[in-house]
1. Quick check on the chain: helices-only [θ] at 222 nm, where DSSP H runs of length 4 and up contribute -39,500 (n - 2.57) each and the sum goes over total residues. Nearest 500, please.
2. Using the Cα gyration tensor of the stretch 251-329, with a ≥ b ≥ c the square roots of its eigenvalues, what is the shape: rounded (a/c below 1.5), prolate (a/b larger than b/c) or oblate (neither)?
3. Would you mind getting the accessible area per residue of the stretch 224-373, heavy atoms of the protein chains only, 1.4 Å probe, in Å²?
4. In the structure shown, do any of Lys69/Lys189; Lys144/Lys213; Lys12/Lys245 have a Cα-Cα gap over 30 Å, and if so which?
5. What's the extension gain from Leu78 to Thr339 if we count 0.36 nm per residue and subtract their Cα-Cα distance?
6. Rounded to the nearest percent, how much of the accessible area of the chain (1.4 Å probe, protein heavy atoms only) is carbon and sulfur?
7. Once you have a ≥ b ≥ c as the square roots of the Cα gyration tensor eigenvalues for the chain, tell me rounded if a/c is under 1.5, and otherwise prolate or oblate according to whether a/b is larger than b/c.
8. Can you tell me which of 136-149, 245-258 comes out highest on packing, and rank the rest after it, using the mean Cβ neighbours within 10 Å?
Amino acid sequence: MRFIINALSFSKNLQAISGVLTTNNTLPILDNFLFELKDSDLHVTASDLETTLKVRIPLENASAGDIEKIAVPAKMLLDILKTFADIPLTFSVNAENLAIEISSGEGKYKLAGLDAEMYPMLPEKNNITQVMMSSSVLSTAIAKTIFAASNDELRPQMSGVFCELTPEYSTFVATDAHKLIRYRRFDAKAEESASFILPKKPLNLLKNILTSKKEEMEVSMEFNNTNVFFNFENYSMVCRLIDSKYPNYESAIPKENPNKLIVDREAFLTAIRRVEIFANQATHQVRLKVDGNEVFVNAEDVEYSNEAVERLPCSYEGTEIEIGFNGKFLMEMLANSDTDQILIEMSQPNRAGIILPVREGEEESNEDILMLVMPVMLAN
């Protein structure tokens, strides 16, 4: 195997897939990239068994010779590539002893490769269903939900994003029992209804790659009962689905919320950021008190005698209410909204609050987002 490749672009491609790699692999071979030379393309694979990410890199000068694939130490390769400028590198592999030599004009560097046959095989595509989705829709859906997914390993079904596909729309849901995001797209549909839970790690990797691309592209999402396959541009990803039943999230969303507060999103977010600094660092409790056309944002830490309050103008319909929320959760949700104003629907101080975007006039949108946050009990 021998090929010439630009050091800078090669490094960028490998960095994009290297997020899959972990330091505590059960199989030592997974500390390596898998190189496969097919025609004039180099296919590089990274895997942790649960997720496999592959990039295809076109080459101008390549020949397979006696060996078409080899496992290459990932960390050492990434470290050496970072040191090179925008120059061509020549890679050559000795088929007999699997030694890899990298030439950079003035320098030569050797590292030991491993037998590619030890690298795990990709799962086969059996009984798959395909859905096409634009890259912007998919990356936005991930970004607007994934922060609400749980980190609790004892509840694996809540540690990912629930994807529900129908002929009318696609819904993405994430919750950790304290906050819940339901993100729905009416411009992403499936021919048949299906649902599955996508793990958090591959979704973050996918989002990072999609958002790094300037141009819009179509993403193919193929899935069966055990895996989901993503294909776009020169990347492909396979990840194992979370094998569990997702909780009935619709039952957690309160339907009767007579108290409706409309407030400027940016001003509200800025006020919470300032006030939350003075909150108890265990509960992060921020208190909202709505009186007429004003909302008071208050936080205090009795133990250290810290307190802050801000007053904001608002539009309010309902009875006077005082309710507490986790300020960190509120800031995450407000930061993930992009409208000028937001609507907060409430019923009782011990019931969940609903945060919705406020669309201006007749503005239409292909997205519908509902954010739910559980209250923090107020101490009298």
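The values are calculated or read from the model by the stated rules, or taken from the named source; none is laboratory data. Here the structure is a predicted model, which means the values were calculated and not measured. Cβ placement follows ideal geometry from the backbone for every residue including glycine, while neighbour counts extend to all protein chains displayed. In case anyone asks, the SASA skips ligands and DNA or RNA and just uses the protein heavy atoms, side chains included. Shrake-Rupley method; radii C 1.70, N 1.55, O 1.52, S 1.80 Å.
1. Numbers: 6 runs with 66 residues, N = 380.
Mean residue ellipticity, 222 nm, calculated: -5500 deg cm²/dmol.
2. Details: a/c = 1.96, a/b = 1.47, b/c = 1.34.
Here the stretch 251-329 falls in the prolate category.
3. Working: 7550 Å² over 150 residues.
I get 50 Å² per residue for this part.
4. Working: Lys69/Lys189 39 Å; Lys144/Lys213 18 Å; Lys12/Lys245 38 Å.
Exceeds cut-off: Lys69/Lys189; Lys12/Lys245.
5. Values: separation 261, 0.36 × 261 = 93.96 nm, distance 4.09 nm.
Extra length available between Leu78 and Thr339 comes to 89.9 nm.
6. Values: 9010 of 18970 Å².
Whole-percent figure for carbon plus sulfur exposure: 47.
7. Values: a/c = 2.61, a/b = 2.11, b/c = 1.24.
Prolate.
8. Working: 136-149: 20.9, 245-258: 12.3.
Put in order of decreasing packing, that is 136-149, 245-258.
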